[in-house]
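The values are calculated or read from the model by the stated rules, or taken from the named source; none is laboratory data. As the structure is a prediction and not an experimental result, all values here were calculated from the model. Backbone-built Cβ (ideal geometry, glycine too); neighbour counts: all protein chains shown.
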Amino acid sequence: MPTLFDKVWDAHVVTEVPGGNQVLYIDRHLIHEVTSPQAFNGLRQRGIRLARPDRIVATADHNVPTKEQHKPIAEPLSRKQVEMLTTNCAEFGVELYGLGHPYQGIVHVIGPELGITRPGITMVCGDSHTSTHGAFGAIAFGIGTSQVEQVMATQCVLMSKPKKMRINVEGELQPGVTAKDLILYVIAQLGTGGGTGHFVEYAGSAVCALSMEGRMTVCNMSIEMGARGGLIAPDQTTFDYIEGREFAPRGADWEAAVAHWRTLPTDVDAVFDTEYTYRAEDIPPMITYGTNPGMGMGVTDLIPMASDLHGEASMHKAMNYMDLHIGQQMEGMPIDYVFIGSCTNSRIEDLRLAGALVQGKQIAPGITGIVVPGSQQVAKQAIAEGLDKVFETAGFEFRGAGCSACLGMNEDKVPAGRYCVSTSNRNFEGRQGPGARTILASPLTAAAAAIAGRIVDVRNEYAVLA
Amino acid sequence: MHPFRTLTTTAVPLPIEDVDTDQIIPARFLKATTREGFGENLFRDWRYDKLNHPKDFVLNNPVYAGDILMAGANFGCGSSREHAAWAIQDFGFRAVVSSYFADIFRGNALNNGLLPVTITPEALDEAFRTIEQNPAARFTVNLLEQTFTNEDTGTVTGFPIDEYKKTCLINGYDDIDFLLSQAQQIEAFEAGRVDHSI
């Protein structure tokens, strides 16, 4: 009666430690420039090498420019940080897909697209959106830099086993409603701390019907309800996605791997600590109104009053920051920026969806629209399909791969006081730049907002696309 | 890591829920490649306006001081950046008290000897009221006994921490020391399994 999570977790326990912790073996470790330098320094200070360099892959994503990526990075601190990743990877023998490499991109985009992410594995990265990889039926979670160093030194982390939650979404998503809306809806129900202490398995017919990219969008935002990670049972959709990718198993190895992966789904009589069920038909296109991802609502709803999920003080602070008020309708509200990108929504399907909507149209006057593909491979594919031209003709900028305006570490920032409809994952104060006001939405809703210059219900205005 | 045993001090109140790590240390300050110096930018955008003038924020209010940061529920949600724990510690705090913490932040704090103290919502509310009435009120965090005491009201509340982590904190041990001591078991694990991961 074990769950998918139990099966993967238990297969990776090296030893039990008195007091409830376990030594958990980590199959794959992804690193990037921002959360790794202090870990490499720690190894140097201790005089130790990497335990298993073959299990680590590095890329530069958080702090790279998305314009003129072939030139040296102009900003000195960013340049130093990216150069340090290169130096560290060379010194310690880590495979690096740095700027200019055809595999470079957001760490949570490249892992899956290269076939590194697989069902049944444990995977960590010094980034909270590592939960993305759970879409393959992997246990994947974000860690801090001390743990990055631990994994580098021993290929293990020390953790107590999280509790188990299952979220079922049954039925069929309505036209114009995407995986992003599904997860924003769930987070709005549970709040930004509702999953704390848990690993979440997403199940139900609406989840099973999602593509791998949709599943990644869902698992990506598990952390936004406080969960350590999210995962989805591997199935034929999963296997079809992985097969033939650069580092995917081949031949007899592939057959053996798939046979193993088929044993992973949760047993029918398994029990979860917590379980929720939602109807897919109840999920509208979602937007956020506040300053955490739990402050979300249907695009036509009115901003709700304070509640158990969001207390008076938090709501007051959020409304003040966003310059919005309780009871306000946001549909029709003018916006300033549209950002299509991030580890949540920068994959080829996201770009196709947004591209189909903007094709033959122009973004509204005064709107700045930026499209940032998740990886060099996504960019290459988009260009091959002519999507770069679709976006550019419509008035968007089509940039190089990176995390970009999701977290505003590089120069891609939203100015203070401006509203940005963003396909990213966090609407925290200042996330996209000091004073920036973020409204999270799906690629479809973001693209529609760029064309209209205001927040619109994609179900009405673009029903033709459904 | 510095050992932690017991601490009696005043506290700085931050009675806001869901304080995320982007507030604790904004991303633009994550370009440093060492662990030091992040305290200067702790809560940067809540402390200073864009001209770097101090704002009306508790860390700028001389009435409040102390080694404990007392914060609303779900403290440290969001990004996994350990820089958040470094910034709080570098600023001078030794413990953060809340009714619950985001998982990754909690782990990061523990790995740096910054003690996350989880108390009941009622005890937290009482502590906030105490500070409101008397900013000089003192609180004791006793790791050995696993108790949090509101010295003003005399209320004593227990807090959970696993035995292993408690031992680490009391002695200043890192997880990495422990994990390195497990090398033989790790090798045996690697040798003894069918691996489809790589």
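Looking across region B:1-53, not a single residue is surrounded by 18 or more Cβ atoms within 10 Å (Cβ to Cβ), among the basic types (K, R) and more than 14 Å from every other protein chain (Cβ to nearest Cβ). Considering each residue of region A:274-282 in turn, at least one proves to be crowded, with 17+ Cβ neighbours inside 10 Å, in a strand (DSSP E or B) and within 23 Å of the chain's Cα centre (by Cα). In region A:420-432, the condition of being out of contact with any His (no Cβ under 9 Å at 6 or more places or on another chain), without any contact (Cβ under 8 Å) to a residue 60 or more places away in the chain, within 14 Å of chain B (Cβ to nearest Cβ) and not charged (D, E, K, R) is met by at least one residue.
Look at A:V17 and say whether it is at pLDDT below 95 and either under 30 Å from A:V271 (Cα atoms) or hydroxyl-bearing (S, T, Y) (or both). So A:V17 passes the test. Just the residues that are within 11 Å of chain B (Cβ to nearest Cβ) and part of a helix (DSSP H, G or I), please, taken from region A:296-339. A:E312, A:A313, A:S314, A:M315, A:H316, A:K317, A:A318, A:Y321 - these are the residues of region A:296-339 that are within 11 Å of chain B (Cβ to nearest Cβ) and part of a helix (DSSP H, G or I). For region A:374-408, taking the residues that are of a type outside the set (G, A, S) and assigned to a strand (DSSP E or B), the one that is farthest from A:N345 (Cα to Cα) is identified as A:E397. Looking at this structure, is A:D308 at positive phi and surrounded by fewer than 17 Cβ atoms within 10 Å (Cβ to Cβ)? It is false that A:D308 is at positive phi and surrounded by fewer than 17 Cβ atoms within 10 Å (Cβ to Cβ). Of all residue pairs spaced 6 or more apart or on separate chains, those with beta-carbon atoms under 6 Å, a first member in region A:1-30 that is without any contact (Cβ under 8 Å) to a residue 24 or more places away in the chain and a second member that is assigned to a loop (DSSP other than H, G, I, E, B) and among the charged types (D, E, K, R) are A:G19/B:D162. Apart from one condition, A:A446 fits all of (1) in a helix (DSSP H, G or I); (2) over 10 Å from A:V338 (Cβ atoms); (3) not hydroxyl-bearing (S, T, Y); the exception is (2).
For region B:184-198, the set of residues classified as more than 7 Å from every other protein chain (Cβ to nearest Cβ) and either surrounded by fewer than 12 Cβ atoms within 10 Å (Cβ to Cβ) or part of a loop (DSSP other than H, G, I, E, B) (or both) consists of B:Q184, B:A191, B:G192, B:R193, B:V194, B:D195, listed by residue number. Pairing residues of region B:126-155 that are closer than 17 Å to B:Y64 by Cβ with residues that are among the aliphatic types (A, V, I, L, M) and part of a loop (DSSP other than H, G, I, E, B), at Cβ distances under 6 Å and at least 6 apart in sequence or on separate chains, gives B:T130/B:A137; B:I131/B:A137; B:P135/B:V63; B:D152/B:A137.
Of the residues screened, A:T217 is not one that is surrounded by fewer than 24 Cβ atoms within 10 Å (Cβ to Cβ) and modelled with pLDDT of 95 or more.
Scanning region A:379-407 for residues that are within 19 Å of the chain's Cα centre (by Cα) and surrounded by fewer than 24 Cβ atoms within 10 Å (Cβ to Cβ) yields a count of 2.
So which residues in region B:59-82 are in contact with a Gly (Cβ under 9 Å, 6 or more places away or on another chain) and either without any contact (Cβ under 8 Å) to a residue 12 or more places away in the chain or under 20 Å from B:A32 (Cβ atoms) (or both), if there are any at all? Within region B:59-82, B:S79, B:S80, B:R81, B:E82 qualify.
Residues checked against (1) at pLDDT 95 or above; (2) surrounded by fewer than 24 Cβ atoms within 10 Å (Cβ to Cβ); (3) over 27 Å from B:L110 (Cα atoms):
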| position | (1), (2), (3) |
| --- | --- |
| A:H198 | yes, no, no |
| A:Y202 | yes, no, yes |
| A:S205 | yes, yes, yes |
| A:L210 | yes, yes, yes |
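The criterion of at least 1 residues that are away from chain B (no Cβ under 14 Å) is met by the following strands (runs of 3 or more DSSP E) wholly inside region A:128-209: A:163-170, A:198-203. In the condition set (1) within 30 Å of A:V64 (Cα to Cα); (2) part of a loop (DSSP other than H, G, I, E, B); (3) not polar (S, T, N, Q), A:A356 is compliant with all but (2). Selection within region A:1-59: residues that are among the polar types (S, T, N, Q) and within 30 Å of A:D273 (Cβ to Cβ). The member of this set that is surrounded by the most Cβ atoms within 10 Å (Cβ to Cβ) is A:T35. Every condition in (1) within 11 Å of the chain's Cα centre (by Cα); (2) at the interface with chain A (Cβ under 8 Å from one of its Cβ atoms); (3) in a helix (DSSP H, G or I) holds for B:N112 except the one numbered (3).
Scanning region B:156-183 for residues that are in contact with a strand residue (DSSP E or B) (Cβ under 7 Å, 6 or more places away or on another chain) and either farther than 22 Å from A:V13 by Cα or in a strand (DSSP E or B) (or both), we see that the one that is nearest to the other protein chains (Cβ to nearest Cβ) is B:P160. Against the list (1) under 16 Å from the mean Cα position of the chain (by Cα); (2) away from chain A (no Cβ under 14 Å); (3) within 21 Å of B:C168 (Cα to Cα), the condition B:L69 fails is (3). For region B:127-144, state whether one or more residues are away from chain A (no Cβ under 14 Å), surrounded by fewer than 13 Cβ atoms within 10 Å (Cβ to Cβ) and outside any loop (DSSP other than H, G, I, E, B). The answer is yes; a qualifying residue exists.
Is there a residue being part of a helix (DSSP H, G or I), of a type outside the set (D, E, K, R) and closer than 18 Å to A:G144 by Cβ anywhere in region B:60-82? The answer is no, given that none of the residues of region B:60-82 is part of a helix (DSSP H, G or I), of a type outside the set (D, E, K, R) and closer than 18 Å to A:G144 by Cβ.
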